[in-house]
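The values are calculated or read from the model by the stated rules, or taken from the named source; none is laboratory data. Just so we're clear, the structure is a prediction, and the values are computed from it rather than from any experiment. Every residue, glycine among them, receives a Cβ derived from its backbone with ideal geometry; neighbour counts consider all protein chains shown. All accessible areas refer to the heavy atoms of the entire protein, side chains included, with ligands and DNA or RNA removed. Shrake-Rupley method; radii C 1.70, N 1.55, O 1.52, S 1.80 Å.
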Amino acid sequence: MTLKIPMSAETLDRIVRESTEKNYSSWEMLERFLAAPADARTQAAITARIRRAKFPTQATLESFDWTFNAKTIPQRPFLELATGEFIGRRDNVTFVGKSGLGKSHLIEGVGRSCCAVGYRVLSTKSAELIEDLNKAQAIKALSQRVRKYRSYDLLIIDEFGFEKLERKDIPDALSLLYKVIDSRNGRGSTAVV
């Protein structure tokens, strides 16, 4: 019987060698044999969720300089957000502060961590969101586009409030943003930076 478990010869050799060296029982060896492809599938799923989230950089919580502004930006609340529990409760998050403090870095780090624990995340800038919604409205596809944004477990809207220029070009920009945020109420978490 063929199990069709994807595994390289090197991985199989490593598992057998470790099992022999450490005198694993048959059950322990089987557990390691089955865990390798499961871990690979899990990692592939995380990588796919992170790719689909469209993060603008490679920022993580681990790469954030916590000493930069330790009095103003304590690490603990962000590590709590990184567990994704707030998404399970459908709570929303707002980061407010002066430019250059690291808000975008922190929310991306939180978003990446949430992808790793299984949540579907989308990161966008306010201007990009407004532009996308405006285009959808022009082709009478706004409701479908709003449903798309509603479908994510966490929607990150960065540079919120910077859309002054977009409001000049798109008079109903605030109404379009409201449609997305309102549609997500009670259905998913929204992080506004």
Checklist entry - Of (1) of a type outside the set (Lys, Arg); (2) closer than 22 Å to LEU176 by Cβ; (3) over 14 Å from the mean Cα position of the chain (by Cα), LEU101 satisfies all except one. Which? => result (2)
Item to check | Flag for GLU62 being acidic (Asp, Glu), open to solvent by less than 60 Å² (accessible area, probe 1.4 Å) and on the phi < 0 side of the Ramachandran plot | outcome: no
Next on the checklist: Suppose we keep only residues that are out of contact with any helix residue (DSSP H, G or I) (no Cβ under 8 Å at 6 or more places or on another chain) and in a helix (DSSP H, G or I) within the stretch 89-112. Which one would you say is surrounded by the most Cβ atoms within 10 Å (Cβ to Cβ)?
Outcome noted: GLU108
Checklist outcome for this item: For the stretch 113-132, pairs from a residue that is free of Cβ contacts under 8 Å to residues at least 24 places away in the same chain to a residue that is assigned to a strand (DSSP E or B) and open to solvent by less than 50 Å² (accessible area, probe 1.4 Å), with Cβ under 9 Å and 6 or more apart or across chains, are ASP132/THR124
Next on the checklist: in a loop (DSSP other than H, G, I, E, B), touching a helix residue (DSSP H, G or I) at 6+ places or on another chain (Cβ under 7 Å), more than 30 Å from ARG14 (Cβ to Cβ) and open to solvent by 60 Å² or more (accessible area, probe 1.4 Å): which single residue out of THR67, THR57, THR72 fits that description?
Outcome noted: THR57
Item to check | Tabulated pairs, the stretch 169-193, first within 23 Å of PHE86 (Cβ to Cβ) and touching a residue at least 24 places away in the same chain (Cβ under 8 Å), second part of a strand (DSSP E or B) and aliphatic (A, V, I, L, M), C-beta under 6 angstrom, 6+ apart or interchain | outcome: SER189/LEU154; THR190/LEU155; ALA191/VAL93; ALA191/ILE156; VAL192/ILE157
Checklist entry - Got a number for residues in the stretch 17-50 being of a type in the set (A, V, I, L, M, F, W, C) and touching a helix residue (DSSP H, G or I) at 6+ places or on another chain (Cβ under 6 Å)? => result 5
Next on the checklist: When you check SER19 against the structure, is it in contact with a His (Cβ under 9 Å, 6 or more places away or on another chain) and over 19 Å from VAL121 (Cα atoms), yes or no?
Outcome noted: no
Next on the checklist: Cβ-Cβ distance below 9 Å, separation of 6 or more or different chains: which pairs start in the stretch 10-39 with a residue that is free of Cβ contacts under 8 Å to residues at least 40 places away in the same chain and exposed (fewer than 14 other Cβ atoms within 10 Å of the Cβ) and end on one that is basic (Lys, Arg) and in a loop (DSSP other than H, G, I, E, B)?
Outcome noted: GLU28/LYS22
Checklist entry - Quick check: is even one residue across the stretch 149-164 free of Cβ contacts under 8 Å to residues at least 24 places away in the same chain and surrounded by fewer than 18 Cβ atoms within 10 Å (Cβ to Cβ)? => result yes
Checklist entry - When you look at GLU80, is it in a helix (DSSP H, G or I) and modelled with pLDDT of 95 or more, yes or no? => result yes
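Residue by residue, here is whether (1) among the acidic types (Asp, Glu); (2) closer than 20 Å to VAL117 by Cα holds:
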{"site": "LYS22", "(1), (2)": "no, no"}
{"site": "LEU34", "(1), (2)": "no, no"}
{"site": "ASP39", "(1), (2)": "yes, yes"}
{"site": "ILE46", "(1), (2)": "no, yes"}
